[in-house]
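The values are calculated or read from the model by the stated rules, or taken from the named source; none is laboratory data. This is a predicted model, so every value here is computed, not measured. No Cβ is skipped: glycine too gets one built from the backbone with ideal geometry, and neighbour counts run over all protein chains shown. Calculation scope for accessible area: heavy atoms of the full protein, side chains included, ligands and nucleic acids excluded. Shrake-Rupley method; radii C 1.70, N 1.55, O 1.52, S 1.80 Å.
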Amino acid sequence: MDRNRGILIAGNWKMNHGARATSDFAAAAKSGWGSLSDRARKALAVTAGPGKLDALVFPPFLSLETARREFTGIPVAVGAQNVHFEEKGAFTGEISGAMLKEIGVGTTLVGHSERRQYFGETDASAKKRAESHLNQGFTVVLCYGETRAEREASRTEAVLERQLRDGLPAEWNERLVLAYEPVWAIGTGLTATPEQAEDAHAFSRAFLVKKYGADNAAKTKILYGGSVTPENVRGLLAKPNVDGGLVGGASLKAESFLALVEGAGSFL
Ligand code: 13P
């Protein structure tokens, strides 16, 4: 199988884990790290290119510094869940890319369905953030996906097409990562089947080919998110267009996060 894109396991902690819980997570992850297989550890140690396994978590803002400080010694990168598109200014309550860079945060999450549902994020604002963050040097994980009503009305592809058309940055960037997260699968235990995920990912990749060209499309990771667990991660990753997972609930405990990383490692 073509694993030239490598695999990314990303944990989205959402509004969970303050500094203390983050510290506990880091301690548990460090003590469990030794139990990872050589294969997984080797893949984590690859620095770039094919066969590379990346592990990342998105803690809440107040836990970012703790995560950065306490993950030293284990290769778990840290990303931010919500970052403004402007670089500074009068935007009460917002956080800028520069502030995050200062503490070593290198990845941002954009367009998550919870941001769309509760905080007014749209395809257009997701695009604006993605373009700004990419320009500022971040890796950007851009989320999209249909609701249950849209799937039941056989509108999945039309919705994905619109989200990609209106949400993707104008220019391709090697730091752009997509995350297909069907809304009906998020936090419900109703994981998409590997076939449903693969269909959506293949459709998305075909869109990337049209927009950015075949070479760039082939290099772009597409993660799947929505009730991913250590039990189902291998089945999903076995599909050729599934390049990793964006995981909520199952990323909150270090043991479970490590089990996801181990599952991914078995493909590299
Ligand atoms: P769950 O894994 O808890 O379903 O959450 C998925 C998600 O929204 C990740 O961004």
Considering THR229, THR188, which residue is over 17 Å from the mean Cα position of the chain (by Cα), within 12 Å of the ligand (Cβ to nearest atom) and among the β-branched types (Val, Ile, Thr)? THR188
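For (1) open to solvent by less than 40 Å² (accessible area, probe 1.4 Å); (2) aliphatic (A, V, I, L, M); (3) free of Cβ contacts under 8 Å to residues at least 60 places away in the same chain, each residue gets a yes or a no:
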{"site": "VAL110", "(1), (2), (3)": "yes, yes, yes"}
{"site": "ARG116", "(1), (2), (3)": "no, no, yes"}
{"site": "LYS127", "(1), (2), (3)": "no, no, yes"}
{"site": "HIS133", "(1), (2), (3)": "yes, no, yes"}
{"site": "SER154", "(1), (2), (3)": "no, no, yes"}
{"site": "VAL159", "(1), (2), (3)": "yes, yes, yes"}
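Could you tell me which of the residues GLY32, GLY49, GLY18 is over 20 Å from THR72 (Cα atoms) and not hydrophobic (A, V, I, L, M, F, W, C)?
Details: GLY32 fails: over 20 Å from THR72 (Cα atoms); GLY18 fails: over 20 Å from THR72 (Cα atoms).
Residue meeting the stated conditions: GLY49.
Taking GLU114 as the residue in question, decide whether it is of a type in the set (Asp, Glu) and within 15 Å of the ligand (Cβ to nearest atom).
Numbers: of a type in the set (Asp, Glu): yes; within 15 Å of the ligand (Cβ to nearest atom): yes.
Yes.
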Which of the residues belonging to the stretch 135-152 are more than 12 Å from TRP184 (Cβ to Cβ), crowded, with 19+ Cβ neighbours inside 10 Å and not β-branched (Val, Ile, Thr)? PHE138, LEU142, CYS143, TYR144
Output yes when any residue across the stretch 148-157 is farther than 19 Å from HIS84 by Cβ, among the hydroxyl-bearing types (Ser, Thr, Tyr) and either at pLDDT below 95 or within 16 Å of the ligand (Cβ to nearest atom) (or both), and no when none is. no
When you go through ALA40, ALA55, ALA77, ALA27 one by one, which is the residue that is of a type outside the set (Lys, Arg) and more than 22 Å from GLY244 (Cα to Cα)? ALA27
